[in-house]
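Attaching a single structure in C-alpha cells format; questions to follow.
The values are calculated or read from the model by the stated rules, or taken from the named source; none is laboratory data. None of the values given here were measured: they were computed from a predicted structure. All Cβ positions, glycine included, derive from the backbone under ideal geometry; neighbour counts span all protein chains shown. SASA here: full protein model, heavy atoms, side chains in, ligands and nucleic acids out. Shrake-Rupley method; radii C 1.70, N 1.55, O 1.52, S 1.80 Å.
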Amino acid sequence: MIPIYFPFSVLSDRTMARLVVCFPVMGIYLPAESAREPVLGLCGQPEYLETRVPAADLDGAVEDLYRAAIQWKEATLGADMSFVKTWEKGRAPFFDETTISYVRNEILRQKSAAATAADDLVEAKLFMRLALDHDLGEAEVARGVGALEAREKAIFDTLRGESGDDDDLSQEVLGLSVAGPAEDAGTRMTGQRMRAWAMVAARDTLPSAVFITDSEAVIAHIEACFPSMAPVAEIPGIPFLDAVTDPLALKDWQGELSDFLEKLARGRGDERLPAPAAFFHGGPEWSEAVLSLFVLPDTGPRAFFEFFAPRVAGHDDVPDGKDIKNIIIGRLKTV
C-alpha cells in the first residue's frame, strides 16, 4: 500500500529527505499531466515520487481554464480596482452595483444547464493547478534563500580561515539554512485545499489508506472534522537519508513500518499492534524528526473523501476500498 503525500501536489526537498527514510516510494496527486514535469523538476529524487493523475481525460478542459486564468492575471497585473469596475457596452462588468442583478438573471436564463460531476472535478483540478503554481513559487523562493545563505556562510568561513569542505548546498536540503523550514502552505485555504484534493483523490482507481502530511494546519483541520481521530504511534529518531549509517537496517525498519500500517488499515490482528521503534542508525539528534500516526476508525477511503467533498457521494466511479477498514494519517514534524 503506497502512502500518499497530501493535500499538496509538490513535495519539498526538505520534507522528502525525511520521508524517503520512512517509505521506499511516495504517491502524490497531480491536477493534470502537464504538471508532472515542473513537479519532478523541483524534486531532488524524481524516482521517489509516484505521480498520479486521476481522470486525466479532463486535462484539456483544465488546461484551457488554467491558461485563461493566467492570461487574466497577467492582463490585470498592477491594475487598480477601478479597472475591473469599468463598464463596457454589451459586456457585464467584473463587478459593480448592478452585478448581483446581472448574475441573478444569468442564473435564471441558464438554470437548465445544471453542473455535472465532470464540472465539479474540473473545478477541483483547476483549483489544485493554481495552488500548485503558488506552492512551486514558494518552493523556488525557499530554495533560492537557502542557496544564498549557504554561499554567505561559505564566504564568511573563508574570511575567517575556516575549512569550507563541509559547506555545500546540501545544507539547504538538510534544513541548516538560517531561513529554517518554509511557511506551512496548509494554513492558506485549508478547507478548499482539502475539498479539491479529495475530489481528485476519490477518482484514483487504486485508493490508499495511508495519507502523510507535514502541515500542522491540515492535521488540525482533520482533527476538527473527525473527533474520533486517535493517535496510535509516535516514531522519533527519523534522520535525513544522507545521515543513515546502515542501509540494510533501514530496509528492515521500513518493512516493519509498512507491515504495521497495512495491518492497521485493514483492521487485521490486535488493534494495539506494537509500532516500529525509533530508527537508531542515523545522524545526530538535532537533525531528527518525528512521525506521528493517527487512525480514523471505521472509515474507508470513500467515506474519508466524501466528508471533505460531499459531491463525491453517489458517483459510481469512486472506488469503495471495501478491504480498508481504517484511514491512517501521518504527520511528519521536525523537532
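Hey, any hits in region 255-271 for a residue that's at pLDDT below 90 and among the small types (Gly, Ala, Ser)?
yes
Is one or more of the residues making up region 240-250 surrounded by 14 or more Cβ atoms within 10 Å (Cβ to Cβ) and within 22 Å of the chain's Cα centre (by Cα)?
yes
When region 10-31 is examined, which residues are found to be of a type in the set (D, E, K, R) and closer than 15 Å to Ser215 by Cβ? Before the answer, list the steps.
Of region 10-31, the ones of a type in the set (D, E, K, R) are 13-14, 18.
Arg14, Arg18, listed by residue number.
Take Leu40 and decide whether it is open to solvent by 10 Å² or more (accessible area, probe 1.4 Å), in a helix (DSSP H, G or I) and within 28 Å of Ile238 (Cβ to Cβ).
yes
Taking region 43-69, which residues are of a type outside the set (S, T, N, Q), open to solvent by less than 40 Å² (accessible area, probe 1.4 Å) and within 23 Å of Pro207 (Cα to Cα)?
The answer is Tyr48, Leu49, Arg52, Val53, Pro54, Ala55, Leu58, Asp59, Val62.
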